[in-house]
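Visitor: Quick one: this structure, given as structure tokens, is what I'll be asking you about.
The values are calculated or read from the model by the stated rules, or taken from the named source; none is laboratory data. On a predicted model such as this, the values are computed, not experimentally measured, just so you know. Here Cβ is always computed from backbone atoms with ideal geometry, including for glycine, and neighbour counts include all displayed protein chains.
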Amino acid sequence: MINLILLGLPGAGKGTQSERLVDKYHLAHISTGDMFREAMAKKTPVGLEAKSYIDKGNLVPDEVTAKLVEERLQKPDTEQGYILDGFPRTTVQAEMLEKITKKLGKELTNVISIDVQEDELVKRLSARYMCRTCGATYNKLFKPTKVEGTCDRCGGHDFYQREDDKPEVVRNRLQVNEKMNAPLKDFYQKKGLLTSIDGEQTPDEVWADVDKVFSK
Ligand code: ADP
Ligand code: ADP
Ligand code: ZN
């Protein structure tokens, strides 16, 4: 059983590595960012509340986010294991998560932190763009579509840049997250769950380090 948290600042490569983990280990990928973006697109009550925070690069309140995760962890696809991507972001959320997983009998088995310097993150995030149809992530510098203007995954032609990836928001978003990241890593270090990985390698090299954690 793999019940995993992927820690890492925005742009560290959590989504990229999650995709590979899902393929290999059939885990449920739980990305709070993706869930909020979906809720915003559908204009649900949670989506409308979240939008005002997200567009400025601020965090959505803990209660709103934890409730979303608690509901998601009750779905049957998490029974073979799950990846939490983007949650918890604060030690308060980490404590909320501990209660939730205990209650559901789905306690954590591993925490992996993907570590990348701020300058590199700004570079990556400013160059990230998304397929509007399927949500696939690309990067102008590091991972363009194979055919210019066509999504590799769904063949769509409509791309956009996230509001919160725009340069004026990215710095604030990184600062908001950086302040909380170190205490969060400490929290899981103390519990003996944490492995830190150098996220400034190529995606394949990062993947090799991630996979090593489970093939021991
Ligand atoms: P990234 O992929 O760049 O790490 P996410 O897609 O995870 O960013 O998150 C986008 C935004 O959604 C965050 O900036 C924040 O406003 C909101 N969000 C996502 N997860 C959380 C969380 N655990 N707590 C509070 N807000 C969150
Ligand atoms: P996160 O989910 O942590 O916000 P993503 O997986 O979306 O991060 O990656 C952020 C951006 O950086 C994407 O455009 C992605 O294609 C690119 N990227 C991911 N991993 C790497 C890497 N190891 N080296 C260079 N670019 C990367
Ligand atoms: Zn697509």
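Visitor: Any idea which residue in region 32-89 is surrounded by the most Cβ atoms within 10 Å (Cβ to Cβ), counting only those that are in contact with a Ser or Thr (Cβ under 7 Å, 6 or more places away or on another chain), under 18 Å from Glu19 (Cβ atoms) and among the β-branched types (Val, Ile, Thr)?
Guide: Ile83
Visitor: Which one is farthest from ligand 1 (Cβ to nearest atom) among residues in region 91-138 that are hydroxyl-bearing (Ser, Thr, Tyr) and surrounded by fewer than 20 Cβ atoms within 10 Å (Cβ to Cβ)?
Guide: For region 91-138, the residue satisfying everything is Thr109.
Visitor: What's the number of the only condition in (1) modelled with pLDDT under 95; (2) more than 16 Å from the chain's Cα centre (by Cα) that Arg89 fails to meet?
Guide: Only one criterion in (1) modelled with pLDDT under 95; (2) more than 16 Å from the chain's Cα centre (by Cα) is unmet by Arg89, namely (2).
Visitor: Residues being outside any helix (DSSP H, G or I) and more than 14 Å from ligand 2 (Cβ to nearest atom): count how many of those fall in region 174-216.
Guide: Here the count works out to 8.
Visitor: Give the residues of region 131-152 that are in contact (Cβ under 8 Å) with a residue 12 or more places away in the chain, in a loop (DSSP other than H, G, I, E, B) and in contact with a strand residue (DSSP E or B) (Cβ under 6 Å, 6 or more places away or on another chain), sorted by residue number.
Guide: Of everything in region 131-152, those that are in contact (Cβ under 8 Å) with a residue 12 or more places away in the chain, in a loop (DSSP other than H, G, I, E, B) and in contact with a strand residue (DSSP E or B) (Cβ under 6 Å, 6 or more places away or on another chain) turn out to be Arg132, Cys151.
Visitor: List every residue pair whose Cβ atoms sit under 8 Å apart, with the two residues 6 or more apart in sequence or on different chains, where the first one lies in region 100-127 and is more than 30 Å from Asn172 (Cα to Cα) and the second, anywhere, is modelled with pLDDT of 95 or more and surrounded by fewer than 14 Cβ atoms within 10 Å (Cβ to Cβ).
Guide: Taking only residues 6 or more apart or on different chains, the pairs are Thr101/Glu107; Leu104/Gln74.
Visitor: Check region 108-115 and report whether any residue there is closer than 21 Å to Val213 by Cα and among the small types (Gly, Ala, Ser).
Guide: Within region 108-115, one or more residues are closer than 21 Å to Val213 by Cα and among the small types (Gly, Ala, Ser).
Visitor: Of the conditions (1) more than 11 Å from ligand 2 (Cβ to nearest atom); (2) under 20 Å from the mean Cα position of the chain (by Cα); (3) loosely packed, with under 15 Cβ neighbours inside 10 Å, Asp158 clears all except one; give me its number.
Guide: Against the list (1) more than 11 Å from ligand 2 (Cβ to nearest atom); (2) under 20 Å from the mean Cα position of the chain (by Cα); (3) loosely packed, with under 15 Cβ neighbours inside 10 Å, Asp158 comes up short only on (2).
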